[in-house]
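Everything on this sheet refers to the single structure shown next.
The values are calculated or read from the model by the stated rules, or taken from the named source; none is laboratory data. This is a predicted model, so every value here is computed, not measured. Because the Cβ atoms are built from the backbone with ideal geometry, glycine has one as well, and the counts that use them run over all protein chains shown.
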Amino acid sequence: MVAVNWTNVTVASDLLKQPNVATGGNFWLGMLMMIFGILVIIFSAFGIEVALLGSGFICLVLSIFLVYMNLLAWQWVLFFMALLIMIFLYSMYSRDRDF
């Protein structure tokens, strides 16, 4: 078990960084993925495309905030951007082409 060194906490933003220190940098990533999973389940009543688009967009915005607070790496912002682009492309090409 990792003990938190409270003498390193000098400002309020350090309180948010302490869970990452104790978990090897995976706490906020885990929280973001849990939010993504919960939102997919909630939005699945509207269809899987809507669920992935809605939860992907919300988690994209959250991940941008977490990156600017130095709690998350930029690669996860890119992950959610790529997810949104892939779902957009899938939904465009899976529709009927009856114009």
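Okay, residues lined up against (1) aliphatic (A, V, I, L, M); (2) under 16 Å from the mean Cα position of the chain (by Cα); (3) over 21 Å from T23 (Cα atoms):
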{"residue": "I38", "(1), (2), (3)": "yes, yes, yes"}
{"residue": "A45", "(1), (2), (3)": "yes, no, yes"}
{"residue": "V50", "(1), (2), (3)": "yes, no, yes"}
{"residue": "S55", "(1), (2), (3)": "no, yes, yes"}
{"residue": "M69", "(1), (2), (3)": "yes, yes, no"}
{"residue": "F80", "(1), (2), (3)": "no, yes, yes"}
{"residue": "L84", "(1), (2), (3)": "yes, yes, yes"}
{"residue": "Y90", "(1), (2), (3)": "no, no, yes"}
{"residue": "R95", "(1), (2), (3)": "no, no, yes"}
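Residue by residue, here is whether (1) surrounded by 11 or more Cβ atoms within 10 Å (Cβ to Cβ); (2) of a type in the set (S, T, N, Q); (3) without any contact (Cβ under 8 Å) to a residue 40 or more places away in the chain; (4) assigned to a helix (DSSP H, G or I) holds:
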{"position": "V4", "(1), (2), (3), (4)": "yes, no, yes, no"}
{"position": "V21", "(1), (2), (3), (4)": "yes, no, yes, yes"}
{"position": "M34", "(1), (2), (3), (4)": "no, no, yes, yes"}
{"position": "E49", "(1), (2), (3), (4)": "yes, no, no, yes"}
{"position": "L62", "(1), (2), (3), (4)": "yes, no, yes, yes"}
{"position": "L78", "(1), (2), (3), (4)": "yes, no, yes, yes"}
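Yes/no matrix, rows are residues, columns are (1) of a type outside the set (K, R); (2) in contact with a Leu (Cβ under 9 Å, 6 or more places away or on another chain); (3) at pLDDT 95 or above:
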{"residue": "G24", "(1), (2), (3)": "yes, no, no"}
{"residue": "W28", "(1), (2), (3)": "yes, yes, no"}
{"residue": "M34", "(1), (2), (3)": "yes, no, yes"}
{"residue": "I48", "(1), (2), (3)": "yes, no, no"}
{"residue": "L71", "(1), (2), (3)": "yes, yes, no"}
{"residue": "L78", "(1), (2), (3)": "yes, no, yes"}
{"residue": "L84", "(1), (2), (3)": "yes, yes, yes"}
{"residue": "R95", "(1), (2), (3)": "no, no, no"}
Worksheet item: Looking at (1) within 30 Å of S13 (Cβ to Cβ); (2) surrounded by fewer than 18 Cβ atoms within 10 Å (Cβ to Cβ), which is the one condition that is false for I85?
Response: (1)
